[in-house]
Amino acid sequence: MARAIEVTRQDMSAAALRQHALRCRDGRVACRVLAIAHVLEGASRAAAASACGMDRQTLRDWVHRYNAAGVAGLTDASRSGRPAALSEAQMRQLQEVVLSGPDLARDGVVRWRCIDLRSVIKARFDVELHERTVGKLLRQLGMTRLQPRPYHPKKDAGAQEAFKKTSPPA
């Protein structure tokens with residue numbers, strides 16, 4: 001059987017670790033700090049681990065991290081997360097598409113909606129996104145859902161003015 005791992009870092013006592021655990025906002029870190037405090041007070045590895053809801057091997061790994069980096073080593077490491085759906089270059093192209101506006105002949109719409117942009121993204125970048133995700137991408141680009149009234153390409157400004165002059169006031 002392997003020998004037990006010693007807590008070599010002695011900059012905080014067991015009481016100080018307990019006080020730190022009380023002030024800690026992250027419950028997982030507080031549990032790890034309490035487990036280290038149990039070990040410093042002389043509890044066996046199995047007892048300290050079971051009191052804090054972990055396995056002996058897990059406690060051993062946390063003791064190694066505590067010895068190396070102190071209490072800061074007991075926090076969870078940041079994770080990379082899911083990669084972005086579109087690259088920076090693709091996001092810039094999407095922004096250019098949105099700002100230039102749709103062409104009725106080419107795109108078949110007079111204003112962009114998320115569902116229309118979804119099909120543009122699929123055609124240009126071969127990336128399938130949900131309609132809501134397209135809205136999130138637009139918010140990342142600093143764009144809002146507020147849109148100007150669409151401009152119909154066949155509208156007649158003269159006829160509109162004539163209608164305004166001849167219609168009774170409301």
task: For segment 113-128, just list the computed ³J(HN,Hα) in residue order, Karplus coefficients 6.51, -1.76 and 1.60, θ = phi - 60°, integers in Hz, with x standing in for Gly and Pro.
output: 10, 4, 5, 5, 5, 4, 6, 5, 4, 5, 6, 7, 10, 6, 10, 8
query: Restricting attention to the alpha-carbon atoms of segment 18-170, what are Rg (one decimal) and Dmax (integer), both in Å?
result: 29.8, 95
Computed E for MET143/LEU22 - FRET, C-beta separation, R0 41 angstrom, nearest 0.05: 0.35
query: Are there GluC sites (Glu not before Pro) in segment 66-145 that DSSP puts in a loop and that have at most 14 other Cβ atoms within 10 Å, and which ones?
result: GLU128
- request: Keeping the other protein chains in place, figure out the carbon and sulfur percent of the accessible area of the chain, with a 1.4 Å probe.
  value: 52
task: Can you work out the accessible area per residue across segment 1-84, with the rest of the protein chains kept in place, probe 1.4 Å, in square angstrom?
output: 65
field: FRET efficiency, 1/(1 + (r/R0)^6) with R0 45 Å, evaluated for ARG60 and GLU96 via beta carbons
entry: 0.25
Paramagnetic reach from ALA47 (point 7 Å along Cα→Cβ, amide N under 18 Å) across segment 6-39: 6-7, 14-15, 18, 34-39
In sequence order, calculated HN-Hα J values of segment 68-75 (Karplus, 6.51, -1.76, 1.60; Hz; x Gly/Pro): 7, 10, x, 5, 4, x, 8, 7
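The values are calculated or read from the model by the stated rules, or taken from the named source; none is laboratory data. Since this is a predicted model, take the numbers as computed values, not measurements. All Cβ positions, even for glycine, are placed from backbone atoms using ideal geometry, and neighbour counts span all protein chains on display. In case anyone asks, the SASA skips ligands and DNA or RNA and just uses the protein heavy atoms, side chains included. Shrake-Rupley method; radii C 1.70, N 1.55, O 1.52, S 1.80 Å.
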